[in-house]
1. Rounded to the nearest 20 Debye, what is the dipole magnitude of segment 218-287 about its Cα centre when Lys and Arg each give +1 and Asp and Glu each give -1 at the C-beta?
2. Note down the magnitude of the dipole of the chain about its Cα centre, charges +1 on Lys and Arg C-beta and -1 on Asp and Glu C-beta and zero elsewhere, to the nearest 20 debye.
3. Which of Lys115/Lys166; Lys154/Lys253; Lys63/Lys154; Lys78/Lys167; Lys115/Lys253; Lys78/Lys253 have a Cα-Cα distance over 21 Å?
4. Projected area of segment 206-295, taken from the Cα convex hull and averaged over every viewing direction, in nm²?
5. Of the trypsin sites (Lys or Arg not before Pro) in segment 24-74, which ones lie in a loop per DSSP and count no more than 12 other C-beta atoms within 10 Å?
6. Provide the solvent-accessible area of Glu249, counting protein heavy atoms only and rolling a 1.4 Å probe, rounded to the nearest 10 Å².
7. For Leu303 and Cys252 in the same chain, what is the full-extension length gain: residue separation times 0.36 nm, less their Cα-Cα distance, in nm?
8. Can you give the relative contact order of segment 77-136 as a percent, counting alpha carbon pairs under 8 Å and 6+ residues apart?
Amino acid sequence: IDFARGVMPARYRQNLLLEDQEFCVQVDSHSAFETHWDTIALEDWLAIENEMAVITAYPNMVKDRHDQRHTPSRCSTKWSTDLEVVHGGNSALNARPGPTPFLIPFFGAGTSFSKCHANFNVPYDPYMSHLFGGEEFNRAVRLFTSGYDMYAPKRNFVYHYYDADKKPARGQAPRHREFFHFSGDQRLVLGSQTTARWRAILGLPLTSRNPVLSELAMQDSANFGLGTRRRIEQYEAFSGVSLASARAEDRCKMLGRMEWVPYSYDTPFYPAGSECPYHLMKDIRRHCCTTLSAVEAHTREMLAKSNSELAANVATSPAFPRANPLRPILSPLSNAAHLLPCRPVDLHEAVADEEDLA
């Protein structure tokens, strides 16, 4: 348990297992699939006609398996009670599907289906230890600013065993969430630094609840920041989330009417950027320096440390010097993978690119 750090590092470890797969599906372990789920997911994805489409949802309950009359849409969200992070909670609407999947503003970790280059260009942030609320908003804003678009499933292809669902006959053991109860000062140190990192990447000030941000907590932040195809202000307008005032407007009445937010790109279009002129994952992975390939060595070294070691290192790390005025941290590699050789982006390079973008 001293090496378990919650959902974000765990999902990042899954990213490291990818090879030449063209499509990636993410589900929780306590899930059940629809018959011919892969055909359903692929047909819905193809109907969108968008290389950067990510179908994502909080799946319906297993008790509703095979019911295709309604599908879940992540069209609303909420802030945590302490207003530290956008929590998400169970904010979703079960709606009658339209002719094609609905464009939506929010990511649901219960399931996602997309081209695997989404995981190479915008991998999960493994430095956000013990983050549960806030995980999905971080993913949504990074995908959106990197040129990806989120859609609700037109048809249900996966279902989730929620607490109220009847469990399989051989699966009556209670659900455990040990990482929520990670004890002692280690959890306080790592959890506080994760929240501070979450806010710093979005360009938000620190709070009295989590007032300290260490240099170690901001490791590789230039590689796990926002993309450069869209601006964070565009995401706020699209999603109805105000970061400065910690508010969130419901977008569910706009289902089927939300407009795609355009961005500049070179023609022909390549998902990892014009300097990585490939569409197939086998070529992107073998020939290009993506975010995931750039940071892999650094992150493996960090993941090999125990929570005790990390907490001790963070506690002795100097404070991270933040820019004034505060600005979000951009990750140039998410939209500009290039031909090998490969190295991580330095934070000073990311700041320079942000100034160029402005």
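The values are calculated or read from the model by the stated rules, or taken from the named source; none is laboratory data. Note that this is a predicted model, so its numbers are computed, not measured. Positions of Cβ are backbone-derived with ideal geometry, glycine not excepted, and every protein chain shown enters the neighbour counts. Accessible surface is based on the protein model in full, side chains and every heavy atom, while ligands, DNA and RNA are left aside. Shrake-Rupley method; radii C 1.70, N 1.55, O 1.52, S 1.80 Å.
1. Rounded to the nearest 20 debye, it is 200 debye.
2. Approximately 1040 debye in magnitude.
3. Lys115/Lys166; Lys78/Lys167; Lys115/Lys253
4. Over every viewing direction, the Cα hull of segment 206-295 projects on average to 9.0 nm².
5. Arg69
6. Probe radius 1.4 Å; accessible area of Glu249 about 110 Å².
7. 14.5 nm
8. Worked out over segment 77-136, it gives 43 percent.
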